[in-house]
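Notes for the one structure printed next.
Every number here is computed from the coordinates shown, using simple stated rules; none is lab data. None of these values were measured; they are calculated from a predicted model. Positions of Cβ are backbone-derived with ideal geometry, glycine not excepted, and every protein chain shown enters the neighbour counts.
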Protein chains: 2
Amino acid sequence: MRERINIAIVGFGNIGSYFYKILEKNKVNISTKTGKIPFVKYISARNINKKRQIKIPNSKWIKNPLKLSLMNDVDIIFELIGGSEGIAKKLVFAALRNKKHVITANKALMAKYGDQLAHVAEKNKVNLEYEASVAGGIPIIRSIKDGLIANKINKIYGILNGTTNFILSSMENSRKNFSDVVDKAKKLGFAESNPVSDLNGNDSAAKLRILSSIAFNKMISKNKILTEGIQNINLTDIFYAKELGYKIKLLSISEIKKKKLIERVHPCLIPNKSYLANINGVLNAIVIDGLPVGKSVLQGEGAGPGPTSSALISDLCSVLKGNIQYPFGVTASLRKKIEKFDISKHFCSSYLRIEVKDLPGVLSSITKIFANNKISIKNLIQNPYKKNKKASIIIITHENLEKNYNNLLLNLIRNKFVIKKPTFIRIEKI
Amino acid sequence: MRERINIAIVGFGNIGSYFYKILEKNKVNISTKTGKIPFVKYISARNINKKRQIKIPNSKWIKNPLKLSLMNDVDIIFELIGGSEGIAKKLVFAALRNKKHVITANKALMAKYGDQLAHVAEKNKVNLEYEASVAGGIPIIRSIKDGLIANKINKIYGILNGTTNFILSSMENSRKNFSDVVDKAKKLGFAESNPVSDLNGNDSAAKLRILSSIAFNKMISKNKILTEGIQNINLTDIFYAKELGYKIKLLSISEIKKKKLIERVHPCLIPNKSYLANINGVLNAIVIDGLPVGKSVLQGEGAGPGPTSSALISDLCSVLKGNIQYPFGVTASLRKKIEKFDISKHFCSSYLRIEVKDLPGVLSSITKIFANNKISIKNLIQNPYKKNKKASIIIITHENLEKNYNNLLLNLIRNKFVIKKPTFIRIEKI
């Protein structure tokens with residue numbers, strides 16, 4: 001007779017209820033592959049009385065999820081609430097302390113408290129699994145921890161946020177501007193009603209913190225990482241970029257440079273023939289550059305009930321197989337601390353769109369600022385608007401230091417011809 | 001004190017010696033992650049006295065590798081000899097019977113004897129790992145077995161042979177013909193001195209058998225699978241395809257159609273904007289279409305010492321972690337047998353290049369054969385050669401049955417205007 005393993009699901013919205021359905025459907029399959037029978041014993045939701053498509057027996061509902069961590073008939077807790085604080089945090093800490101395995105899709109929680117949680121899990125010899133927290137449809141965490149375990153990873157980068165990628169792709173395809181496309185994304189369910197943390201890059205940054213800690217065998221960085229979103233990307237930028245042979249993508253990049261760590265999330269111009277330039281819509285894609293493997297690429301849907309459930313069940317199977325694993329691949333004491341690379345020394349070429357008054361002397365005044373900051377110009381397009389005596393100046397620079405760009409931008413803003421803060425986008429060699 | 005695990009490496013050529021180097025270099029890392037110390041106790045090679053870059057202590061060399069399976073101080077045997085018969089087969093069977101874990105890169109052996117070997121491994125409670133046998137740099141086997149475990153996979157397909165992909169890409173880029181490019185590939189080390197099994201599709205077919213057995217939870221098919229290579233692809237085909245919006249790729253495709261299995265390896269015309277069309281050079285790429293995950297894509301280098309060593313070490317770590325796993329994810333008795341789909345009922349559109357005598361009536365004669373076989377023509381290009389009264393007729397057909405194409409080809413060969421066997425390439429919707 002196979003052993004029954006009792007499961008509690010906390011958080012029963014879109015993701016939780018879909019996951020429950022998929023789990024019930026795959027019970028036999030999972031049982032065959034793991035030798036254990038997963039049984040959903042308890043479910044907790046903010047609103048138990050909400051109308052749902054699936055019928056849940058009354059006996060399964062539990063009002064206070066925090067009680068679950070003390071119950072003897074609970075083996076595994078699925079935390080699907082979200083957020084780095086509040087109930088999610090309390091629940092996961094309490095569960096691990098009480099020797100319950102925890103499976104979570106919560107990137108904010110993992111990015112903020114992952115190290116402490118891993119420590120508690122390790123001490124209590126239970127699993128803390130979080131494959132669903134980064135790029136659900138892509139088994140990226142497992143691939144780094146197991147499939148690519150032999151590799152010394154130098155760089156891990158990619159598109160970690162489907163919402164912003166959908167928005168950038170749609171702007172290009174539909175020639176509609178940012179806010180129209182954001183509305184469309186909301187209607188299609190590709191953006192949340194409040195998509196701020198997607199748009200400003202914070203969502204990607206949380207995922208990047210998790211990935212780079214596994215890839216580089218290090219503690220989760222507490223550094224303030226360079227995080228810029230796509231809110232200021234204009235339709236004109238997308239089309240100028242295209243004209244110049246580039247696409248604009250919100251990339252998350254983590255790499256070791258001179259033995260130091262540089263993590264950054266920002267829009268990038270990348271060559272339009274490159275692999276990542278052709279990842280469109282809600283897709284996510286991650287490139288792992290390691291030795292001896294070379295470049296490994298994984299691509300798939302990043303979010304949504306299907307991909308997330310796929311990840312949750314892979315975590316479940318791992319727990320059911322009875323493998324107690326260190327949450328970050330190695331024991332906490334062996335995870336390194338890596339010094340932060342001084343971002344002001346980051347070196348790249350860049351794209352700038354500068355909106356100016358179209359008056360005599362403007363070009364010489366602007367280009368002089370570049371010269372003063374020792375930034376040399378590779379391409380320049382000046383595009384006057386006929387109506388209002390304004391013009392756009394588009395500039396691609398040669399490679400230079402981040403700190404010089406910062407000064408350049410300060411100088412540009414102060415210039416009498418410049419109408420508003422220029423758009424500055426780094427060009428990434430990939 | 002960590003336990004030491006004794007390893008024997010059998011086969012010490014290009015791959016074996018590189019793997020040894022990487023293993024020695026990563027010893028501490030592996031030990032940290034698995035809790036065990038891997039120690040290379042024995043090495044066996046066809047020619048022990050061969051000059052090598054690495055120095056191997058005499059005490060490690062063993063002449064007769066078959067003895068290893070009986071030795072008490074051997075825990076894991078790496079089989080890196082290759083070939084489905086001979087010593088490789090004897091060694092792996094004997095090792096598993098004598099309760100040694102086996103890690104192999106041998107796709108021919110796994111494709112032919114994988115089921116029997118898995119049975120022996122299971123009976124003796126040891127691991128049989130073979131991640132390196134398919135697309136070394138891509139952790140595909142582990143991803144299907146673990147990361148995507150929740151999914152009902154409908155189709156798995158991709159580019160599984162780097163040599164042929166390099167050749168097709170190079171023909172397009174260099175505008176050189178097949179044999180020149182094959183020579184170049186040999187010089188660069190991207191093709192073996194005898195690349196027949198790469199070129200004729202057999203290498204891809206062996207890998208496909210392995211993948212589809214894991215993806216569909218089934219025994220390895222003994223079916224003769226449709227296997228066509230790239231030997232007959234001509235430079236002109238590549239350029240006509242390009243003109244028509246396609247690229248030619250050697251794809252391996254396995255899918256369930258009407259509850260039956262269809263496995264095939266053949267050149268395909270695919271839309272030149274599709275993902276796989278843009279996988280160039282020696283890269284491999286695999287697409288997994290499953291529920292609930294959607295399409296997951298994995299891409300990386302398929303062969304060579306680096307990627308292969310990466311896969312071998314991931315297998316090693318899995319064994320060191322002490323997880324006894326079923327080699328194909330589930331116990332042998334639960335792996336299904338899936339009936340073979342009748343390939344003559346396969347339905348697709350196609351590309352044909354027909355070399356003809358350029359005489360009056362030729363076009364009407366050729367198109368009549370199409371009409372007689374109820375195959376309707378979508379595009380037709382006729383291209384006369386000025387010099388020799390010959391012409392090429394390029395035809396793209398609407399969708400039709402494989403059996404009708406077979407008849408069509410028979411009829412075409414018999415036609416008095418047709419100079420040689422037409423080139424027939426299936427168009428794949430992807």
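Quick notes on this structure:
- Alpha-carbon centroid distance for the pair segment B:18-39 / segment A:210-226, whole angstrom: 24 Å
- Distances, shortest first, from the label point of A:Lys90 to those at the same position in the other copies read 6.9 nm; the point lies 7 Å along Cα to C-beta.
- Peptide-level mean, for A:254-263, of C-beta atoms on other protein chains within 10 Å: 0
- Axis angle, to the nearest 10 degrees, between helix B:86-97 and the longest C-alpha principal axis of chain B: 50 degrees.
- In the assembly of identical copies, B:Leu291 has its label point, taken 7 Å from Cα in the direction of the beta carbon, separated from the corresponding points by 4.6 nm (ascending, one decimal).
- Shape category assigned to segment B:27-72 from the gyration tensor of Cα positions, a/c cut at 1.5: oblate
- Segment B:382-430 and segment B:120-172 have their alpha-carbon centroids 34 Å apart.
- Considering only chain B, percent of DSSP beta bridges that pair antiparallel, nearest 5: 70 percent
- Relative contact order of segment B:140-302, defined on C-alpha pairs under 8 angstrom at six or more residues apart (%): 34 percent
- 7 Å along Cα→Cβ, label-point gaps from A:Gly35 to other copies, nm, shortest first: 1.6
- Two-decimal ratio, segment B:343-427, of alpha-carbon radius of gyration to 2.2 N^0.38 Å: 1.04
- For the protein assembly as shown, adding -39500 (n - 2.57) for each run of n ≥ 4 DSSP H residues and dividing by the number of residues yields -10000 deg cm²/dmol at 222 nm.
- Rounded FRET efficiency, nearest 0.05, which uses the C-beta distance separating B:Tyr385 from B:Met1 and R0 of 56 Å: 0.15
- For the peptide B:28-38, the mean number of other protein chain Cβ atoms found within 10 angstrom of a residue's Cβ is 3.
- In terms of overall dimensions, the C-alpha atoms belonging to the protein assembly as shown reach 79, 73, 65 Å along their principal axes, ordered largest to smallest.
- Note on chain B: with a GNM built from Cα contacts shorter than 10 Å, the maximum mean-square fluctuation among B:His346, B:His119, B:His101 falls on B:His346.
- When chain B is treated as a Gaussian network with alpha carbon springs shorter than 10 Å, the biggest mean-square fluctuation among B:Lys99, B:Lys420, B:Lys107 belongs to B:Lys420.
- Per-residue average of Cβ from other chains inside 10 Å of A:412-419: 0
- Taking a ≥ b ≥ c as the square roots of the eigenvalues of the Cα gyration tensor, an a/c ratio of 1.5 or more together with a/b larger than b/c marks segment A:140-302 as prolate.
- GNM on chain B, alpha-carbon springs under 10 angstrom: the most fluctuating residue among B:Pro384, B:Pro57, B:Pro65 is B:Pro57.
- When segment A:344-427 is described by a simple charge dipole with +1 on each Lys and Arg Cβ and -1 on each Asp and Glu Cβ, the residue from A:Leu359, A:Ser349, A:Ile394 located farthest towards its positive end is A:Leu359.
- Across chain A the C-alpha pair distances fall into 10 Å bins from zero in the proportions 4, 20, 28, 23, 14, 8, 3, 1, 0 percent.
- Per-pair calculated FRET efficiency, R0 = 35 Å: B:Asn323 and B:Ile48 via Cβ, rounded to 0.05: 0.55
- Based on C-alpha pairs under 8 angstrom that are at least 6 apart in sequence, chain B has a relative contact order of 16 percent.
- Highest mean packing comes first when the peptides B:328-339, A:315-326, B:370-381 are listed by Cβ atoms within 10 Å, giving A:315-326, B:328-339, B:370-381.
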